[in-house]
Amino acid sequence: MNTKSLRKSVIAGAVMLAVSSGMVQAKETIRLSTYVNESDIRYEGFQKFAELASEKSNGDLDVQIFPSATLHGWSEGVDSVQGGVSDVSWIPADKRLGCYRVTSLYPVAVSLENQIALDAEYAELIRDEAANVGLVPLINSNYSYDQEWWFEEPIDSLDNLDGKLVRSIGPLVSSMIEAWGGQPVFVAPREVFQSAERGVVDGINMGVATYSSWKLWNVMPYMVNANLFYGNIMYMMNKDKFDSLSPDNQKALMAAANEAEQWLKPRYEDWVDQRVGNAVMKGQGAAVSVSQEQRHKLIDSVQASWDEQVNAECGQPMADKVRALFAKHAN
């Protein structure tokens, strides 16, 4: 082989190696951070999402799940995704997302019959605000079904907390606790057991799934089932990371998220029911439900004042759109 032919062969080999390397690098690793632990049914939902993302992208997308808040704390979702600690994370009530902050948990008697469609419409309303801080709504983690209240001893009524210290998950719950005569205390999910056991709080507001996963029935055994909220702790993705994916992989990721939500919904609700039933049957706890009349009374006691904050944070036109969406799905 002469020198010229050898040079062509070397160049061709280098091109093939570059193409081959590019093909290997096309596989995208996506780090998903969640506060739920591996015994929680929602962890299986994230596993399903990862499986679907890989299938729908022909293996291009590799979703890695980090449970139990191992990558960052409860309030650090936005910073984590913006800073590259995670690619996808739950987003708490962050002041940089003003409208999301006051509407992702909203006092309303909402029907969950068409929950997946409701969540998708809500995510679309929030999409522009999220984009302004470099985020893309990806997974709706609806917890309307199971966000409830627990106490060490039975209470007469939620709207008469009589100075009790009650764990709050965000500004709306804090305003409710204050309106009902209690004192809100913020406690991260993984710290709730110790706080309850040591008497730091007298009551807890939390989702049944998280509550059960952290084995809290034996420290706060009395549950009040009130169904007072629309709740959606949305998982958002770094927008630059999302935009760097091919259009086909973007579609694959969004389709996987929606399909995983549909897969999880009935399993999640059954799992919540079983946890409550098991706790009551085994004598660890007791569950009481408020009447429909009392439910609406509790919602009405805070909705007007909360809507003032919704108007201020969202602006009147967006606030009206959010309320119209909830009204369409009211129960």
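The values are calculated or read from the model by the stated rules, or taken from the named source; none is laboratory data. The structure presented is a predicted model; accordingly, all values stated were derived computationally and were not measured. Positions of Cβ are generated from backbone atoms using ideal geometry, with glycine treated the same way; all protein chains shown enter the neighbour counts. In case anyone asks, the SASA skips ligands and DNA or RNA and just uses the protein heavy atoms, side chains included. Shrake-Rupley method; radii C 1.70, N 1.55, O 1.52, S 1.80 Å.
Below, the figures for the structure above:
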read-out: Subset of the range 182-201 [open to solvent by 40 Å² or more (accessible area, probe 1.4 Å) and out of contact with any Ser or Thr (no Cβ under 9 Å at 6 or more places or on another chain)]; value: GLN183, GLU191, PHE193, GLN194, GLU197, ARG198, GLY199, VAL200
read-out: Failed condition for VAL219, given (1) more than 25 Å from LEU118 (Cα to Cα); (2) under 18 Å from the mean Cα position of the chain (by Cα); value: (2)
read-out: Residues (closer than 15 Å to LEU264 by Cβ and assigned to a loop (DSSP other than H, G, I, E, B)) located in the range 110-119; value: LEU112
read-out: Every residue from the range 131-171 that is more than 24 Å from the chain's Cα centre (by Cα) and at positive phi; value: ASP162, GLY163
read-out: Single match in SER20, SER5, SER75 (criterion: at pLDDT 90 or above, among the hydroxyl-bearing types (Ser, Thr, Tyr) and either out of contact with any helix residue (DSSP H, G or I) (no Cβ under 7 Å at 6 or more places or on another chain) or not in a helix (DSSP H, G or I) (or both)); value: SER75
read-out: Among (1) in contact (Cβ under 8 Å) with a residue 60 or more places away in the chain; (2) closer than 15 Å to CYS314 by Cβ, the one test that VAL110 misses; value: (2)
read-out: Residue ranges of strands (runs of 3 or more DSSP E) in the range 214-331 with at least 3 members buried (at least 18 other Cβ atoms within 10 Å of the Cβ); value: 229-231, 235-238
read-out: Residue count, the range 165-211 (criterion: without any contact (Cβ under 8 Å) to a residue 60 or more places away in the chain and of a type outside the set (Phe, Trp, Tyr)); value: 28
read-out: Filter pass, ALA93 being within 16 Å of the chain's Cα centre (by Cα), of a type in the set (A, V, I, L, M) and more than 24 Å from SER175 (Cα to Cα); value: no
read-out: Where TYR143 falls short, out of the listed (1) under 26 Å from ASP273 (Cα atoms); (2) touching a Cys at 6+ places or on another chain (Cβ under 9 Å); value: (2)
read-out: Close pairs (6 angstrom Cβ cut-off, 6 or more residues apart or separate chains): over 20 Å from PHE229 (Cα atoms) in the range 269-298, at pLDDT 90 or above anywhere; value: GLN284/PRO221; GLY285/PRO221; ALA286/TYR222
read-out: Subset of the range 163-179 (residues that are open to solvent by 10 Å² or more (accessible area, probe 1.4 Å) and touching an Asp or Glu at 6+ places or on another chain (Cβ under 9 Å)); value: GLY163, LYS164, LEU165, ALA179
read-out: Residue within the range 91-109 that is polar (S, T, N, Q) and either surrounded by fewer than 19 Cβ atoms within 10 Å (Cβ to Cβ) or in a helix (DSSP H, G or I) (or both) present; value: yes
